[in-house]
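Colleague: Shown below is the structure under consideration.
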2 protein chains.
Amino acid sequence: MHRDMLKGHVDAVVLAILSRGDTYGYAIAKQVNDRSEGVLSLKEGTLYPCLRRLEAEGYVEGYWGGDDDGPRRRYYALTDRGRKHLEHLRAAWSVQQRVIGRLLEEGNA
Amino acid sequence: MHRDMLKGHVDAVVLAILSRGDTYGYAIAKQVNDRSEGVLSLKEGTLYPCLRRLEAEGYVEGYWGGDDDGPRRRYYALTDRGRKHLEHLRAAWSVQQRVIGRLLEEGNA
DNA sequence: GTCAAATACATAGACTATCTATGTATATGG
DNA sequence: CCATATACATAGATAGTCTATGTATTTGAC
């Protein structure tokens, strides 16, 4: 029903989650899926390429660790560049909300 | 700067404009570009295929007319199906606003 | 003790919407 | 007379997301 709702906002959402502290891919996907009223579903085929893209662009830095108990985990940390990029994406989001929202209003001929 | 901001919302925006009355492609693009703080730019290569898609799905109906003064114009009218679809898209938009907005908030660890 | 499920990462391939670029034609204004 | 605005249209490139699949480990149920 509500597919494609993340489209265009995956980078922002991932960076926002990382802004609360280092974490790893699987946990990011879980968080997104859990904190979204059952509406969003961030797929692994989306997330992992996204993390690599963000790393290639210098917005995050990955490191291996925390594989004490289970399978190995690749953690990611937000860089300064990433923090700035996140602010930019948040600003873009708020502009989009306003502008598209106005266009979608009804009866404002 | 603010490119891709329409991404995923072109159909909704076009249907919303048509909900205010029949109009034609070029005028739709103008309206979007003008009513958006100079931020959005709906391209012809996006709009015309979009209108054909919407027509193929039964959400709009096109007809030729109004070519008194200038080049011929193809007008479009929203169908009942299109009106329902627009309501659905507006609802999806509001859900997205809430859900993504919450994920993007800062400091809610 | 074994097998299913959850955890965790990864990649290949398909899909699709949007953009860029280009083309056609008419009317208007300098 | 020629540039610009109007108006529609399509072909091709791009890129992000999804589907599907694969590997490996740990936990829990039976």
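Colleague: Among all residue pairs at least 6 apart or on different chains, which show Cβ distances below 7 Å where the first residue, located in segment B:69-89, is in contact (Cβ under 8 Å) with a residue 60 or more places away in the chain and the second is among the hydroxyl-bearing types (S, T, Y) and more than 8 Å from DNA strand D (Cβ to nearest atom)?
Modeller: Pairs that qualify, where the first residue is in contact (Cβ under 8 Å) with a residue 60 or more places away in the chain and the partner is among the hydroxyl-bearing types (S, T, Y) and more than 8 Å from DNA strand D (Cβ to nearest atom), are B:L78/B:S19; B:G82/B:Y59; B:R83/B:S19; B:H85/B:Y59; B:L86/B:S19.
Colleague: Return the residue satisfying two criteria in turn: it lies in segment B:27-65 and is more than 10 Å from DNA strand C (Cβ to nearest atom) and open to solvent by 80 Å² or more (accessible area, probe 1.4 Å), and of such residues it is farthest from B:L78 (Cα to Cα).
Modeller: Residue satisfying both the conditions and the ranking: B:E37.
Colleague: Still on this model: So which residues in segment A:89-101 are farther than 30 Å from A:Y63 by Cα and within 7 Å of another protein chain (Cβ to nearest Cβ)?
Modeller: Those that are farther than 30 Å from A:Y63 by Cα and within 7 Å of another protein chain (Cβ to nearest Cβ): A:V95, A:Q96, A:Q97, A:V99, A:I100.
Colleague: Answer yes or no: is there a residue in segment B:19-34 that is at pLDDT 95 or above, in contact with a Gly (Cβ under 6 Å, 6 or more places away or on another chain) and at negative phi.
Modeller: The answer is no; no qualifying residue exists.
Colleague: Another one. Quick one: is B:L86 facing chain A (nearest Cβ under 9 Å) and part of a helix (DSSP H, G or I)?
Modeller: Yes; evaluated as a whole, the condition is true for this residue.
Colleague: In addition: Go through A:L51, A:L40 for me and flag whichever is not polar (S, T, N, Q) and not in a helix (DSSP H, G or I).
Modeller: A:L40
Colleague: Pick out the one residue from B:V95, B:V99 that is crowded, with 20+ Cβ neighbours inside 10 Å, at pLDDT below 95, within 16 Å of DNA strand D (Cβ to nearest atom) and more than 12 Å from the chain's Cα centre (by Cα).
Modeller: That would be B:V99, the only listed residue that is crowded, with 20+ Cβ neighbours inside 10 Å, at pLDDT below 95, within 16 Å of DNA strand D (Cβ to nearest atom) and more than 12 Å from the chain's Cα centre (by Cα).
Colleague: Can you pull out every residue in segment B:4-34 that is among the charged types (D, E, K, R), within 15 Å of DNA strand D (Cβ to nearest atom) and either at the interface with chain A (Cβ under 10 Å from one of its Cβ atoms) or touching a helix residue (DSSP H, G or I) at 6+ places or on another chain (Cβ under 9 Å) (or both)?
Modeller: B:D4, B:K7
Colleague: Let me ask you something else. Among the residues of segment B:37-44, is there at least one that is at the interface with chain A (Cβ under 8 Å from one of its Cβ atoms) and within 12 Å of the chain's Cα centre (by Cα)?
Modeller: yes
Colleague: Find the residue count for segment B:66-83, including only residues that are open to solvent by 70 Å² or more (accessible area, probe 1.4 Å), assigned to a loop (DSSP other than H, G, I, E, B) and either more than 9 Å from DNA strand D (Cβ to nearest atom) or within 14 Å of another protein chain (Cβ to nearest Cβ) (or both).
Modeller: Result for segment B:66-83: 1.
The values are calculated or read from the model by the stated rules, or taken from the named source; none is laboratory data. Model, not experiment: these values are computed from the prediction. Cβ: placed from backbone, ideal geometry, glycine included. Neighbour counts: every protein chain shown. Note: accessible area is taken over every heavy atom of the protein model, side chains too, but ligands, DNA and RNA are not part of it. Shrake-Rupley method; radii C 1.70, N 1.55, O 1.52, S 1.80 Å.
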